[in-house]
């Protein structure tokens, strides 16, 4: 999940040389909507309207809200590295929302893990965290995008426990569909909707469609079905160093020992969040086994 999720930031950078970011995102969702329709039409047609409405709202928050906030902030002058750093604060946003809105209490090891994960991310992105020349309010857009995804993550994770959920593929198709009008409006307000069909543009759309959306988002929703939102999002602390490796491989950007140190610190934070839950499951399984015996 981390490898494909991180490809989205690299895809945005790659596509910026060939087309406006909103145009690439729009056609990415159009390609998904058309391409996945034959595989999901049957399930979608049989799904109850309440389920379709709920997933449409989640998709609007998760994909349209998140991507529009981050991309618009970058477009207004927020440095791309700083916008990515804010977006990678998603694990912290999820825990804060679950605590303040839903009244859930997170164990001390979760807060300690978040602190280490945040520290490691700041170390990795130290040189990317410089302020740009954007207006002050523009820095709120990546924050709003991150919080939009955090709310959608909590909602989706809670919805997975209800009976009658959509398959991950149908979920992805529906959320792509509802994102199309949002980015159609955003792109139409700034320029041409129909792009020039260059190799660079086609490659950009293909990259973000297959790797970032089918891979990153698809695996993200699958993981949320199998584990808690805190555990799944905590792994995203590894997104900055993996993104830097992508950038090194594709754009020959330098790597440093400082990045390796930050990655190790973030990894320790993830272990603190994940390991106690895993040990609890193992102990519970052992107890159940003894009871059966």
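Among helices (runs of 4 or more DSSP H) entirely within segment 1-91, having at least 3 residues that are more than 20 Å from the chain's Cα centre (by Cα) and modelled with pLDDT of 85 or more singles out 21-46, 49-59.
Of all the criteria given as (1) within 21 Å of residue 232 (Cα to Cα); (2) under 22 Å from the mean Cα position of the chain (by Cα); (3) at pLDDT 70 or above, the one not satisfied by residue 183 is (1). For residue 222, the conditions (1) more than 22 Å from residue 17 (Cα to Cα); (2) more than 22 Å from the chain's Cα centre (by Cα) all hold with the exception of (2).
Evaluated against (1) within 27 Å of residue 15 (Cα to Cα); (2) modelled with pLDDT under 80; (3) over 22 Å from the mean Cα position of the chain (by Cα), residue 258 falls short on exactly one condition, (1).
Kindly state which helices (runs of 4 or more DSSP H) lie completely within segment 137-244 and contain at least 2 residues that are more than 26 Å from residue 24 (Cα to Cα). Spell out how you get there, then give the answer.
Details: elements: 140-159, 168-188, 199-207, 218-226, 229-234.
Fully inside segment 137-244 and qualifying: 140-159, 218-226, 229-234.
Within segment 97-120, is there a residue that is under 19 Å from the mean Cα position of the chain (by Cα), modelled with pLDDT of 70 or more, part of a helix (DSSP H, G or I) and surrounded by fewer than 17 Cβ atoms within 10 Å (Cβ to Cβ)? Working first, answer last.
Filtering segment 97-120 for residues under 19 Å from the mean Cα position of the chain (by Cα) gives 97-98, 114, 117-118, 120.
Subset that is modelled with pLDDT of 70 or more: 97-98, 114, 117-118, 120.
Remaining after also requiring part of a helix (DSSP H, G or I): 97-98, 114, 117-118, 120.
Those still in the list that are surrounded by fewer than 17 Cβ atoms within 10 Å (Cβ to Cβ) too: none.
Scanning segment 97-120, I find no residue that is under 19 Å from the mean Cα position of the chain (by Cα), modelled with pLDDT of 70 or more, part of a helix (DSSP H, G or I) and surrounded by fewer than 17 Cβ atoms within 10 Å (Cβ to Cβ), so the answer is no.
The values are calculated or read from the model by the stated rules, or taken from the named source; none is laboratory data. These figures come from a predicted structure and were not determined experimentally. Note: ideal-geometry Cβ built from the backbone for every residue, glycine included; neighbour counts use all protein chains shown.
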